[in-house]
1. Just need a number here: residues in region 127-169 that are under 19 Å from Ile26 (Cβ atoms), among the small types (Gly, Ala, Ser) and crowded, with 19+ Cβ neighbours inside 10 Å.
2. For region 1-26, enumerate the residues that are crowded, with 16+ Cβ neighbours inside 10 Å and closer than 22 Å to Pro123 by Cα.
3. Within region 84-119, can you find the residues that are more than 20 Å from Gly172 (Cβ to Cβ) and touching a Cys at 6+ places or on another chain (Cβ under 8 Å)?
4. Kindly indicate the residue of region 110-126 that is of a type in the set (A, V, I, L, M, F, W, C) and part of a strand (DSSP E or B) and also surrounded by the most Cβ atoms within 10 Å (Cβ to Cβ) among those meeting that condition.
5. When you check Ala100 against the structure, is it in a strand (DSSP E or B), more than 19 Å from Ile33 (Cα to Cα) and in contact with a Leu (Cβ under 9 Å, 6 or more places away or on another chain), yes or no?
6. Return the residues of region 33-67 that are closer than 24 Å to Asn129 by Cβ, of a type outside the set (Val, Ile, Thr) and crowded, with 21+ Cβ neighbours inside 10 Å; say none if nothing qualifies.
7. Determine which member of the set Lys99, Lys83 is in contact with an Asp or Glu (Cβ under 6 Å, 6 or more places away or on another chain), basic (Lys, Arg) and either in contact (Cβ under 8 Å) with a residue 24 or more places away in the chain or crowded, with 18+ Cβ neighbours inside 10 Å (or both).
Amino acid sequence: MIYSKPSLKKTEHATVPLTNISELAIDAELGSITVHGTKTSDCDITAEITVKALTKEKARSLAEEVKIETETSSNKLTIRIRKPSSLSGRNIEVDFTIKAPMQLRINASTHVGSINVSNIQGPIVASTNVGSITCTQIYGELDLESNVGSIEVQYADDAPAACNAALTTNVGSVEFVGPADLSAELDASTNVGSIETDKPLTVVGKVGKSVSGIIGSADGKIRLKTNVGSIKIK
């Protein structure tokens, strides 16, 4: 019989006023990250924390030492979790839910967990080793990477036509939904999977497991890549 370690769950909350902050960085070792842009001047942070230990009492004791940690450096606010040194990464999971000004630049990373970003006007950089990445109602440049997990992107209808985006996953599908008047150079490639597009595309070269072409006036650059998975452009 396999016994699981006792666990304890708790919620931490913090609100950080943002003055002269243009970038928000979130660092999670194990757990999901959700960021939603709002018309606010503060950063509202909720952390759902799960701690595992050999006993319920030990889990409770360790959990009391786990806190949200924020650090401001130059124009960047970094959010992470402060934990006791005796608490290994596999025994703690933290799911962040963050509401922040929509004009910020977002930089989010986790080792195992999904990343969801919505209603953000600034550039977005996101990476996870195992987990999906979803960005909806966004406006700016994208640099998204997952080792094992799908990537889905939906730009806002009124986003600039010239999209600059790089979406890369090793195992997983890629779906890119651009603004109605999307204008970009496109490079898409997969080793095992199909490539489909609903956008009028002027193809450069041969069509196979990789496609290069021009959408609209080619004002931006879009790079979509997966090793195992399908790619859809809408």
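1. Total satisfying the criteria: 5.
2. Val16, Leu18, Ile21, Glu23, Leu24, Ala25, Ile26
3. Listed by number, the residues that qualify are Ile98, Lys99, Ala100, Pro101.
4. That would be Ile115.
5. no
6. Scanning region 33-67 gives a single hit, Ala47.
7. It is Lys99.
No value in this document is a laboratory result; all are computed from the given coordinates. Bear in mind the structure is a predicted one, so any value in this text is a computation, not a measurement. Neighbour counts run over all protein chains shown; Cβ positions are idealised from the backbone, glycine included.
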